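S.K.: Here it is: the structure, laid out below.
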Amino acid sequence: MIERRLPWLAVLLPLLTACSVGDIRRDPPARTVPAGPSAAVSQTPGPPPTAVAVAETRRVQVAVPKGYDHPYVEFVDASHGYALFASCGDRPPGGDCPALLYATTDGGRSWRKLRHPRPVADNQQVYVATGVLTLLSEPYGWWTSTDGGRTFRHTAGEAGPAEWRAAQGRFQIVETEGGVGRWDGDGLDRLPAQPRVRGLNTVDESRGLLVAAGAAGGLPYAAVSTDEGRSWRATPVPAPASGDVGITRVEAAPDGELWLIGERPDRTGFPALWRWAGSWQPVRAEGHPERASLPALLGGGRAAVVSSRGAGVVAGGRYTDVPWPVSPEHYLRVLDDGTLTAAAPHELLLARPPFTTWTRVVLETA
C-alpha cells in the first residue's frame, strides 16, 4: 500500500474522508483538523439486512496497461472525480510504471486521461476539494490545478499548496504554533484570542458558530465563538456514557448541524457522539455494534457508520442496520453536495438523499 500522508500535518487525521477505490484508506488532508483514519473495522461476518440492488453500474475500461493496482478515486461531487493509478504490484511509480491520471465530469460514465505533471516519484497522492485538484509527488513537491487538471502550478516544500489550504475553510489549526488561525489568502494568522480547550486538534464553523474541540485524559473538550474567534466561551461536553475518547473533532453536517465525534483510543470502538443544540447533547445509539467506522453525517440528526454488519444509521437515539449495498470494507463519506459515497478496493458507490438508489462506479484496465 502506498503511504498516504501529508508531511505538513504533525498529527494523524480521520478518514474524512475522501472516496477512494484502492487501498483504503490513505490519510486525506483534513478540512480543518489533523486527525487519522480509523483502524479497519472488524471483518467478522455478521447477518446484515438484505441489501438493496444497485440501480446502475458504470463500468468503464480505461487505457491503463495490466499490472497496475486499483486506482485511488476521489470524487468532489456527484459528477466530478479523479482517478490516480499510482502503483504496480505494490511498487511505486517508475519508468515502467508511471502514475496515470484520469478525470470524469459525468459521475464516472466516462473518463478522460489527463497529463500527470510528475508521473515518476517515490510516493504519489491525489487530494481534491471543490475547485481544487492537488497532486503530491514525493520528494519533488506539489502540483495544483484549479481548472480541472488542464494546467498545474508547482510548489515545493513540506507545506501544502495555498490553493488546497484555502479550500479547507476560513479557520484552521495552526500546525507550527498550535491554536486556531484564520486563513488570509497566503497563510494562517494565529488568532489573538485562543480557545481554552485541552488537547485542541480541530476547528469548524457553521451557522455563525465557530467551534474548537479536543480531548485529554479520555474526555472531550470544546469552546465556541460567535464573533469569528475574537472571544471564546468554554462549553461543557458530557462525558461519554462508556469508554474514553482519544481524538475529539467537530464536524458540520450537510444541513449545517454541528457534531462532536469522539474517536475511541483503539480507533475501532463505536464512536461517542454529541450534537449542538445551544449546548452539547449526547447522541444515544441503542443497539449499536461494538466496533464501527467513524460516522458520515447525513443531516437531519442522522449519522451513518460501517461495521461488520454492513451499514447502519444513528437516528432518534437508536442504531438501525440499513439495507445499503455496503460491506465492512467500504468507507463512507459525504461530499459537499450531499452525495454519499462508499469506497472499497474494487469499486465506488454513489447515492443521493434519501440514499435509496445506488450507483456503482468501476474502472477497469485494458
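S.K.: Given the conditions (1) free of Cβ contacts under 8 Å to residues at least 24 places away in the same chain; (2) in contact with a Leu (Cβ under 8 Å, 6 or more places away or on another chain); (3) acidic (Asp, Glu), and given that Asp227 satisfies all but one, which numbered condition is not satisfied?
M.R.: Every listed condition holds for Asp227 apart from (2).
S.K.: May I pose another question? Taking the residues in segment 60-101 that are aromatic (Phe, Trp, Tyr) and under 13 Å from Val128 (Cα atoms) as candidates, determine which candidate is modelled with the lowest pLDDT.
M.R.: My answer is Tyr72.
S.K.: Would you tally the residues in segment 49-82 being within 28 Å of Ser307 (Cβ to Cβ), surrounded by 19 or more Cβ atoms within 10 Å (Cβ to Cβ) and not charged (D, E, K, R)?
M.R.: Qualifying residue count, segment 49-82: 8.
S.K.: So which of Thr248, Thr202 is hydroxyl-bearing (Ser, Thr, Tyr), touching a Phe, Trp or Tyr at 6+ places or on another chain (Cβ under 8 Å) and crowded, with 22+ Cβ neighbours inside 10 Å?
M.R.: Thr248
S.K.: Quick check on my filter: what residues within segment 87-97 are in contact with a strand residue (DSSP E or B) (Cβ under 9 Å, 6 or more places away or on another chain) and over 9 Å from Ala121 (Cβ atoms)?
M.R.: Ser87, Cys88, Gly89, Arg91, Gly94, Asp96, Cys97
S.K.: Could I ask something else about it? Could you give every pair whose Cβ atoms fall below 8 Å, whose first residue belongs to segment 174-187 and is touching a residue at least 24 places away in the same chain (Cβ under 8 Å) and closer than 12 Å to Ala159 by Cα, and whose second residue is assigned to a loop (DSSP other than H, G, I, E, B) and of a type in the set (A, V, I, L, M), counting only separations of at least 6 or pairs across chains?
M.R.: Taking only residues 6 or more apart or on different chains, the pairs are Glu175/Leu9; Glu175/Ala10.
S.K.: Say we look at segment 280-301 and pick out the residues that are among the small types (Gly, Ala, Ser) and touching a residue at least 60 places away in the same chain (Cβ under 8 Å); which of these is farthest from Leu332 (Cα to Cα)?
M.R.: Looking at the filtered set, the residue picked out is Ala292.
S.K.: Restricting to segment 248-289, give me the number of residues that are among the small types (Gly, Ala, Ser) and out of contact with any strand residue (DSSP E or B) (no Cβ under 7 Å at 6 or more places or on another chain).
M.R.: 2
S.K.: Can you tell me which of (1) out of contact with any Gly (no Cβ under 8 Å at 6 or more places or on another chain); (2) modelled with pLDDT of 95 or more is the one Ala366 doesn't meet?
M.R.: The single condition Ala366 does not satisfy is (2).
S.K.: Any idea which residue in segment 151-170 is nearest to the chain's Cα centre (by Cα), counting only those that are surrounded by 15 or more Cβ atoms within 10 Å (Cβ to Cβ) and assigned to a loop (DSSP other than H, G, I, E, B)?
M.R.: It comes out as Gln168.
S.K.: Among what's in segment 308-348 and is in a strand (DSSP E or B) and closer than 16 Å to Tyr72 by Cβ, pick the residue that is farthest from the chain's Cα centre (by Cα).
M.R.: That would be Glu347.
S.K.: Further question: Determine the pairs where a residue that is in contact (Cβ under 8 Å) with a residue 24 or more places away in the chain and among the basic types (Lys, Arg), located within segment 264-279, has a partner that is buried (at least 21 other Cβ atoms within 10 Å of the Cβ) and not in a loop (DSSP other than H, G, I, E, B) with Cβ atoms under 6 Å apart, the partner being 6 or more residues away or on another chain.
M.R.: Every condition considered, the pairs that remain are Arg275/Trp259.
S.K.: For Ala212, all conditions in the list (1) out of contact with any Pro (no Cβ under 8 Å at 6 or more places or on another chain); (2) closer than 30 Å to Pro353 by Cα; (3) surrounded by 21 or more Cβ atoms within 10 Å (Cβ to Cβ) hold save one; what is the number of the exception?
M.R.: Of (1) out of contact with any Pro (no Cβ under 8 Å at 6 or more places or on another chain); (2) closer than 30 Å to Pro353 by Cα; (3) surrounded by 21 or more Cβ atoms within 10 Å (Cβ to Cβ), only one is false for Ala212: (1).
S.K.: Does segment 304-335 hold any residues that are touching a Pro at 6+ places or on another chain (Cβ under 8 Å), among the β-branched types (Val, Ile, Thr) and surrounded by fewer than 20 Cβ atoms within 10 Å (Cβ to Cβ), and which are they?
M.R.: Selection gives Val322 alone.
S.K.: While we're looking at this one, here's another question. In segment 205-217, what residues are closer than 16 Å to Val237 by Cα and not in a strand (DSSP E or B)?
M.R.: Matches in segment 205-217: Gly217 only.
S.K.: When you scan segment 240-263, how many residues do you find that are of a type in the set (Gly, Ala, Ser), in a loop (DSSP other than H, G, I, E, B) and either farther than 14 Å from Arg198 by Cα or free of Cβ contacts under 8 Å to residues at least 12 places away in the same chain (or both)?
M.R.: 5
S.K.: Same structure again: So, of the residues in segment 177-204 that are among the polar types (S, T, N, Q) and in a strand (DSSP E or B), which turns out to be farthest from the chain's Cα centre (by Cα)?
M.R.: Asn201
S.K.: Another question about this same structure. In segment 258-281, which residues are farther than 15 Å from Leu294 by Cα and crowded, with 21+ Cβ neighbours inside 10 Å?
M.R.: Leu258, Trp280 - these are the residues of segment 258-281 that are farther than 15 Å from Leu294 by Cα and crowded, with 21+ Cβ neighbours inside 10 Å.
S.K.: Any residue that is within 22 Å of Asp321 (Cβ to Cβ) and modelled with pLDDT under 95 - is there at least one of those in segment 220-241?
M.R.: yes
S.K.: Inside segment 275-295, can you point out the residues that are within 23 Å of Gly310 (Cα to Cα) and either part of a strand (DSSP E or B) or over 15 Å from the mean Cα position of the chain (by Cα) (or both)?
M.R.: Listed by number, the residues that qualify are Val283, Arg284, Ala285, Glu286, Gly287, His288, Pro289, Glu290, Arg291, Ala292.
The values are calculated or read from the model by the stated rules, or taken from the named source; none is laboratory data. Bear in mind the structure is a predicted one, so any value in this text is a computation, not a measurement. With ideal geometry, Cβ positions are generated from the backbone for all residues, glycine too; neighbour counts draw on all protein chains shown.
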